[in-house]
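Taking it in order: structure first as structure tokens, then the write-up.
The values are calculated or read from the model by the stated rules, or taken from the named source; none is laboratory data. Model, not experiment: these values are computed from the prediction. All Cβ positions, glycine included, derive from the backbone under ideal geometry; neighbour counts span all protein chains shown. All accessible areas refer to the heavy atoms of the entire protein, side chains included, with ligands and DNA or RNA removed. Shrake-Rupley method; radii C 1.70, N 1.55, O 1.52, S 1.80 Å.
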Amino acid sequence: MQFEYSMHENMAEEAKRINPFFEDYQTPHDTVPFDRIRLSDFEEAFMEGIRRDNEQIEKTINNPEKPTFDNTIINTEEDKDGYYDLLGRVSTVFFNLMSAETNDEMDALAQKIQPILTQHANDIRLNRKLFERIQYVHRHHRKLTPEEKMLLDNCYDGFVRSGALLDEEGKEKLRKLTEEASMLSLQFSQNLLKENKAFILHITDEKQLDGLPETAREAATLTAKEREMDGWVFTLDAPSYSPFMTYSTQRDLREKMYMARNSVCIHDNAENNLEICNRIVNLRREVAQLLGFRTYADYVLKHRMASKVKNVYRLLDDLIDAYKPTAKKEYAEIEKIAQKSEGKDFKMEPWDQGFYSHQLQLKKYNLDAEMLRPYFELSKVIDGVFGLANKLYGITFKENKEIPVYHPDVKAYEVFDKDGSYLAVFYADFHPRKGKQGGAWMTEYQGQFIKEKKDKTKENVRPHVSVVMNLTKPTEEKPALLTLGEVETFLHEFGHSLHGMFANSRFESLSGTNVWWDFVELPSQFMENYAVEKEFLRTFAFHYQTGEPIPDDLIKRIVKSRNFMAATACLRQVSFGLLDMAYYTQKEAFTEDIIPFEKKAWAKAKITRKKPRTDTCMTVQFSHIMAGGYAAGYYSYKWAEVLDADAFSVFKKEGIFNQKTAQRFRDEILSKGGTEHPMMLYKRFRGQEPTIDALLKRNGIKREVTSDK
């Protein structure tokens, strides 16, 4: 009877239960109640969110009053009936978790819900009556502030770029194209995650660990135990893959790892992405041409600083001209040291480059990543990064364990401004795991905006930002000890998060990182500059066992080696930019085989005459341009690198911790979001347009190249 009573009691409680998305979260700072959300809550909230959207749109288009900025544009941006944006709320949580903590059930729900969401988005953008009101306001409006004008222009142009001016036949065609493209991008990501997580290298013979540092062995032991296997297990996750390729003396195993990583999604199985990529390229071309553009790149670049295809190619070509001679010398040095070790007839393969590059680095600078790990213990790095933000901007971070998180690895912090006021919530998710995509990224669970309450008072709704990374995990013997490259990754994503945390705009769609894509990487890449600055390293780089500060000699070697393989790294990024542009400047139906097309597309950025491999492929795992927001925009990393080098040169001149300079950077760039044209914001900070000179100087490239940027 007791069990029966409990069962009825639970049923009664279940009947009273409210979907967490349907009410105030009742958590610190209204953060997402991850601990109360069930998988079934998502679909219910998605459908209710769509219903509420439709209800709000009906009210707007049936408003008998003449269309105005306030009763039409504001209604598309803000909710005037007391509803929060339910669809935005649930979409944000669901799709963030799809990248950071997914499973088969979520993947299946995504396949079900994605076409519904795409159809709903099309229903809004192709709503004739709604667009007529927006069009009227665009032509007849009151005097607007610059931010209001930007919102109006973005709203109008967003509808036009989504097909609002098409006839009914064109609109129907656009619906089909966008719905198919949306589903294929989702399938691309799911396939890539499955393929990457499916591979392991299982070693049971300790001799095959030759060359690997202790940290790599301990991590592989832990991975094996987690999988209930003996010996050592290596995966394609960066903290496992990179050390193996750098240190392992077992050339055959390096080849096995390399081929596993570079042949994902081209195998004859359900996760093959070749046809998916081909179709995505064609769908985007068709969308662009339906909207009156020659190519998808032309469509994208209309809202980029680069503005035109020729400007992107000019930048990429300038970088090739400037960096290729040095890159060739770098490769020759690696080849020379390899042949000295293996014999003059030794033919270097891709899986050899990391290994012999490391040998060269040791020879030239007596430096490698393992020497630095003891000084980059994760908790100290966190202190260092937070301390840097405090030195520059006066902000502080305090961990709050009352804020729910979606995985035990995740830490949640309250962020306070220099005057002690609450600024933001910051989530940090550091380590790889089964349901997590590779790479690193910043995202938000709540954007910043100014909310007008019913009593007419205004509230500055502060953001909840998150950085998600795949850094080295702690082992049973040691805490998480990072490489310098991982410290740079942390700084990069943290730079994005500062862009989000300092947001101070009226409208959410213009706040924080909602800027043009070739400007968004400036704050992130700017922060990477600090990784090799002695004054910064001195604040946190202490030996995790002895507490001794990182020695001056080691810092000197870090600074001296800063440009080691810099030209090769630059050309690698340029090659990806060339590949991206090759796909999205197609004017006719794309019918070529992807693998040979890929090799041809980036040929001029390559530094060897070796015949390209036909058993590897980048395209099928190039999430940035197939499933992310960088299609026809991967050049943005190099474009922003010109900006970040130029911007940091100001700090080098005025002091890398100069708070007045930092405040200017915060006021003119970080807090402004997309409220003005990015070049206007940059010139207001810098006093002039950027040049490529600072980047060439930073990378040790002596030849100067002019730029029309």
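Does Leu484 qualify as being open to solvent by 10 Å² or more (accessible area, probe 1.4 Å) and over 30 Å from His303 (Cβ atoms)?
Working: open to solvent by 10 Å² or more (accessible area, probe 1.4 Å): yes; over 30 Å from His303 (Cβ atoms): yes.
Yes: the conditions hold for Leu484.
State whether the residues of region 288-306 include one that is modelled with pLDDT of 95 or more, closer than 28 Å to Pro243 by Cβ and either of a type in the set (D, E, K, R) or open to solvent by 60 Å² or more (accessible area, probe 1.4 Å) (or both). Looking for residues that are modelled with pLDDT of 95 or more, closer than 28 Å to Pro243 by Cβ and either of a type in the set (D, E, K, R) or open to solvent by 60 Å² or more (accessible area, probe 1.4 Å) (or both), one finds none in region 288-306, hence no.
Looking only at helices (runs of 4 or more DSSP H) that lie completely in region 622-709, which have at least 2 residues being farther than 17 Å from Met527 by Cα and charged (D, E, K, R)? Show your work before the answer.
Details: elements: 623-626, 636-654, 659-665, 678-686, 693-698.
Where helices (runs of 4 or more DSSP H) fall fully within region 622-709 and carry at least 2 residues being farther than 17 Å from Met527 by Cα and charged (D, E, K, R), they are 678-686, 693-698.
Whenever a residue of region 255-276 is touching a residue at least 40 places away in the same chain (Cβ under 8 Å) and under 15 Å from Asn196 (Cβ atoms), it has no partner that is open to solvent by 40 Å² or more (accessible area, probe 1.4 Å) and of a type in the set (Ser, Thr, Tyr) lying with C-beta atoms less than 8 angstrom away and at least six residues away or across chains. Cβ-Cβ contacts under 8 Å between residues 6 or more apart (or on different chains), taken from a first residue in region 462-474 that is farther than 16 Å from Val487 by Cβ to a second residue that is among the small types (Gly, Ala, Ser) and in a strand (DSSP E or B), are listed as Arg462/Ala424; Pro463/Ala424; His464/Ala424; Val465/Ala424; Ser466/Ala428.
Count of region 671-691 residues, restricted to those that are in contact (Cβ under 8 Å) with a residue 40 or more places away in the chain and among the acidic types (Asp, Glu), is 1.
Filter region 517-567 down to the residues that are part of a helix (DSSP H, G or I), open to solvent by 30 Å² or more (accessible area, probe 1.4 Å) and not basic (Lys, Arg) and list them by number.
Residues of region 517-567 part of a helix (DSSP H, G or I): 522-532, 534-537, 552-560, 566-567.
Adding the requirement that they be open to solvent by 30 Å² or more (accessible area, probe 1.4 Å) leaves 528, 534-535, 552-553, 556-557, 559-560.
Hits for region 517-567 are Glu528, Glu535, Asp552, Asp553, Val559.
In region 125-134, the qualifying residues are those that are open to solvent by less than 40 Å² (accessible area, probe 1.4 Å) and assigned to a helix (DSSP H, G or I), and the one that is nearest to Lys171 (Cα to Cα) is Phe131.
This table checks each residue for (1) open to solvent by less than 70 Å² (accessible area, probe 1.4 Å); (2) within 26 Å of the chain's Cα centre (by Cα).
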residue	(1), (2)
Glu588	no, no
Thr591	no, no
Ile595	yes, yes
Lys599	yes, yes
Trp602	yes, yes
Ala605	yes, yes
Thr608	yes, no
Arg613	yes, no
Cys617	yes, yes
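Scanning region 81-98 for residues that are under 18 Å from Gly435 (Cα atoms) and either without any contact (Cβ under 8 Å) to a residue 40 or more places away in the chain or buried (at least 19 other Cβ atoms within 10 Å of the Cβ) (or both) yields a count of 6. Contact annotation: residue pairs with Cβ atoms under 6 Å, 6 or more positions apart or on different chains, pairing a residue in region 527-539 that is of a type outside the set (D, E, K, R) with a partner that is surrounded by fewer than 17 Cβ atoms within 10 Å (Cβ to Cβ), are Val532/Val559; Val532/Arg562; Thr539/Gly387.
State the number of residues belonging to region 280-305 that are part of a loop (DSSP other than H, G, I, E, B) and under 20 Å from the mean Cα position of the chain (by Cα).
3
Of the helices (runs of 4 or more DSSP H) lying entirely inside region 137-250, those containing at least 1 residues that are open to solvent by 40 Å² or more (accessible area, probe 1.4 Å) and touching a Phe, Trp or Tyr at 6+ places or on another chain (Cβ under 8 Å) span 214-226.
Given the structure, is Ala640 touching an Asp or Glu at 6+ places or on another chain (Cβ under 6 Å) and open to solvent by less than 40 Å² (accessible area, probe 1.4 Å)? Judged against the criteria, Ala640 is a match. List the pairs whose first member sits in region 30-49 and is assigned to a helix (DSSP H, G or I), whose second member is among the charged types (D, E, K, R), and whose Cβ atoms are under 7 Å apart, counting only residues at least 6 apart or on separate chains? Hits for this filter: Asp30/Asp24; Leu39/Glu105.
With a requirement of 2 or more residues that are under 25 Å from Thr215 (Cα atoms) and touching a helix residue (DSSP H, G or I) at 6+ places or on another chain (Cβ under 9 Å), the strands (runs of 3 or more DSSP E) lying completely within region 365-453 that satisfy it span 422-429. Among the residues of region 114-159, the one identified as without any contact (Cβ under 8 Å) to a residue 60 or more places away in the chain, of a type in the set (A, V, I, L, M, F, W, C) and farther than 24 Å from Pro64 by Cα is Ala121.
Do we have Phe416 as open to solvent by 30 Å² or more (accessible area, probe 1.4 Å) and either farther than 30 Å from Phe564 by Cα or modelled with pLDDT under 95 (or both) here? Taking the combined requirement at face value, the residue satisfies it. Yes or no: Tyr583 more than 30 Å from Arg664 (Cα to Cα) and not in a loop (DSSP other than H, G, I, E, B)? So Tyr583 passes the test. For region 260-283, residues that are open to solvent by 30 Å² or more (accessible area, probe 1.4 Å), over 18 Å from Pro350 (Cβ atoms) and not charged (D, E, K, R) total 5.
Quick one: count up the residues across region 438-452 that are open to solvent by 20 Å² or more (accessible area, probe 1.4 Å) and either over 11 Å from the mean Cα position of the chain (by Cα) or among the aliphatic types (A, V, I, L, M) (or both). Break it down stepwise before answering.
Let us first name the residues in region 438-452 that are open to solvent by 20 Å² or more (accessible area, probe 1.4 Å), namely 438-446, 449-452.
Pick out the ones that are also either over 11 Å from the mean Cα position of the chain (by Cα) or among the aliphatic types (A, V, I, L, M) (or both) and you get 440, 442, 444-446, 449-452.
Total meeting the criteria: 9.
Determine whether Tyr406 is more than 24 Å from Thr472 (Cα to Cα) and surrounded by 18 or more Cβ atoms within 10 Å (Cβ to Cβ). Spelling it out, it is not the case that Tyr406 is more than 24 Å from Thr472 (Cα to Cα) and surrounded by 18 or more Cβ atoms within 10 Å (Cβ to Cβ). Note on region 95-113: residues that are within 17 Å of the chain's Cα centre (by Cα) and in a helix (DSSP H, G or I) total 6.
When residues in region 336-364 are screened for being touching a helix residue (DSSP H, G or I) at 6+ places or on another chain (Cβ under 6 Å) and open to solvent by 60 Å² or more (accessible area, probe 1.4 Å), 1 of them pass.
Of all residue pairs spaced 6 or more apart or on separate chains, those with beta-carbon atoms under 6 Å, a first member in region 652-670 that is surrounded by 14 or more Cβ atoms within 10 Å (Cβ to Cβ) and a second member that is part of a loop (DSSP other than H, G, I, E, B) are Ile656/Glu533; Arg666/Phe502; Leu670/Phe502.
The residues listed here are Thr215, Thr221, Thr204, Thr246; of these, the one that is within 20 Å of Asn470 (Cα to Cα), more than 28 Å from the chain's Cα centre (by Cα) and hydroxyl-bearing (Ser, Thr, Tyr) is Thr221.
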